[in-house]
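Everything below concerns the one structure shown next.
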Amino acid sequence: MKIVAADVIVSSPDRNFVTLKITTADGITGLGDGTLNGRELSVASYLRDHVVPLLLGRDAHRIEDAWQFLYRSAYWRRGPVTMAAIAAVDVALWDIKAKAAGMPLYQLLGGASRTGIMAYGHASGRDVPELFDSIRAHLELGFRSIRVQTSVPGINAVYGVAAQSGDGKRYDYEPAQRIPLPAEEDWDSRAYLRHLPGVFEAVRGEFGPELPLLHDAHHRLTPIQAARLGKALEPYDLFWLEDCTPAENQEALRLVRQHTTTPLAIGEVFNTVWDYQTLIREQLIDYVRSAVTHTGGITAMRKLLDFAAQYQIKSGIHGPTDISPVGMAAALHLDLAIHNFGIQEYMRHGALTDEVFRQSFTFTDGYLHPGDQPGIGVELDEQAAARFPYQPAYLPFNRLKDGTVHDW
Ligand code: KDG
Ligand code: MG
């Protein structure tokens, strides 16, 4: 099972993706996702210039050894670029191992712990009627859990609100824009805190008490503001409130927790278990939001989620469109196998992405399943990928009314 080739493929069908393809001497190929939104080429270079030369000649079966070697021999630890590159290698090697075994990856992870993976979709609207339409559209698509994001009077552009195309075509929220400089957006925490509870009151009034509802505050609040929001949302029984503060200050969550029983989800910008040490040990969160793609792959995510399980903390794996179908499929195999599964984020990719990445995972009646093809169940059409070369794209950023840069 010697590795004889490792190719980095950067493509941009609907958006940019970084894919690693590892090939063994007996012709088995495995895919890994190393997409880091807005910083894609740094991972592509890290892989091409510093990782691929180290992979050639290695035994593809030795996944744990490859992980530890890439993590420790770099000397410079953690960080999104390094951990996305390690994740790409790790997932590609798991794909190869599962193909060699003739099994879907989840079987090697212990087999299925459930029959389907509950997914949540993203509903949004510039006002309440538009939001209701979006929730109804998601229910019709089969979603049984819904994230709710809405515009706020006095703020021009709010994270998570899709511009509606008006022509009836599907238009999901995609924050990265294909422009040479990041777009500037605006923010006002007080306006947001005043507005949001009323939106959830309206949604519960229309859709009843049962529908699981989620919300993402996208790192914008101080601890005391987050505590106030969690408390104000308690009557609407959220499934979770996500990224209520910039959580690299892990201790801040103690304050939030003292004030609210709204469940908290954190971690999409984290990339190792170390970012969660206080959060998990002190049970300051309820859901781990890391992506397989940004957190060192299946090997590292399994360990992180097993650590979380000891504290009754569940998974909520990150699954926006900037996780490629390869990263998404890897997440689904883990979701199916672990015991402490919570929910899976699912934003469907566009038609061009589906042309480049042939997928075997399914979405039926609100539940995802990775399928039973050997490996992770995704194949890359390299000819199709070549038709969509990289295009510079950036996430936006925020300024307050007085011009101060704020968390986006
Ligand atoms: O690249 C940034 C996106 O992945 C992020 O903004 C999406 O917050 C997000 C979510 O919860 O999916
Ligand atoms: Mg988020």
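By how many degrees, between 0 and 90 and to the nearest 10, does the Cα long axis of helix 325-337 differ from the longest principal axis of the chain? Once rounded, the angle reads 80 degrees. Rounded to the nearest 20, the Cβ-based charge dipole of the stretch 269-408 about its Cα centre (Lys and Arg +1, Asp and Glu -1) stands at 280 debye.
Summarising the amide proton neighbourhood of GLU345: residues at separation of 5 or more, or on other chains, whose placed amide H is nearer than 5 Å comprise TYR120, ILE317, GLY319.
Only Lys, Arg, Asp and Glu count, each charged at its Cβ (+1, +1, -1, -1), so figure out the dipole size of the chain about its Cα centre, rounded to 20 debye. Write out the running numbers ahead of the final one.
Values: 38 positive and 49 negative charges, 152 e Å.
Approximately 740 debye in magnitude.
Averaged over residues, the count of other Cβ atoms within 10 Å places the peptides 43-51, 63-71 in the sequence 43-51, 63-71, highest first.
Among DSSP beta bridges whose residues both lie in the chain, state the antiparallel percentage, nearest 5.
About 50 percent, rounded to the nearest 5.
Principal axis analysis of the Cα atoms in the stretch 268-356 yields extents of 44, 22, 20 Å, listed in decreasing size.
GNM on the chain, alpha-carbon springs under 10 angstrom: the most fluctuating residue among SER324, SER151, SER113 is SER113. When Rg and the Kirkwood radius Rh are both evaluated on Cα atoms of the stretch 78-217, their ratio Rg/Rh stands at 1.07. For the chain, a Gaussian network of Cα nodes joined below 10 Å ranks PRO209, PRO370, PRO197 by mean-square fluctuation, and the top entry is PRO209.
Tell me, what are the semi-axes, in whole angstrom and largest first, of the equivalent ellipsoid of the stretch 207-364 as set by the roots of 5 times the Cα gyration tensor eigenvalues? Please list the in-between numbers first.
Details: eigenvalues 143, 68, 40 Å².
For the stretch 207-364, the ellipsoid semi-axes come out as 27, 18, 14 Å.
222 nm [θ] for the chain, helices only, -39500 (n - 2.57) per DSSP H run of 4+, per residue, to 500?
Numbers: 14 runs with 141 residues, N = 408.
About -10000 deg cm²/dmol.
For the chain, dividing the convex hull volume of the Cα atoms by the residue count gives 134 Å³ per residue. Taking the longest Cα principal axis of the chain as reference, the axis of helix 128-141 is set at about 40 degrees. Toward the positive end of the charge dipole of the chain, with +1 on the Cβ of Lys and Arg and -1 on the Cβ of Asp and Glu, the farthest Cα among ILE323, GLN383, ILE146 is that of ILE323. For the stretch 28-94, a crude dipole built from +1 on the beta carbon of Lys and Arg and -1 on the beta carbon of Asp and Glu, taken about the Cα centre, is about 220 debye to the nearest 20. At the listed q of 0.22 Å⁻¹, the Debye profile of the stretch 2-104, built from one uniform point per Cα, gives log10 I(q)/I(0) equal to -1.13.
Against the chain, whose longest principal axis is taken from its Cα atoms, helix 63-73 shows a tilt of about 80°. Rounded to whole numbers, the Karplus 3J(HN,Hα) couplings from phi for the stretch 19-29 are 10, 9, 10, 9, 10, 9, 4, 8, x, 7, 10 Hz, using 6.51 cos²θ - 1.76 cosθ + 1.60 with θ = phi - 60°, and x at Gly and Pro.
Couplings for the stretch 264-277, taken from phi via the Karplus curve 6.51 cos²θ - 1.76 cosθ + 1.60 with θ = phi - 60°, read 10, 10, 8, x, 5, 9, 7, 9, 9, 5, 5, 5, 10, 3 Hz in order; Gly and Pro are left as x.
The numbers here are math on the coordinates, done by the rules we state, and not lab data. No experiment lies behind these values; they were computed from the predicted model shown. A quick note on method: Cβ atoms are made from the backbone with ideal geometry, for glycine too, and the neighbour counts reach across all protein chains shown.
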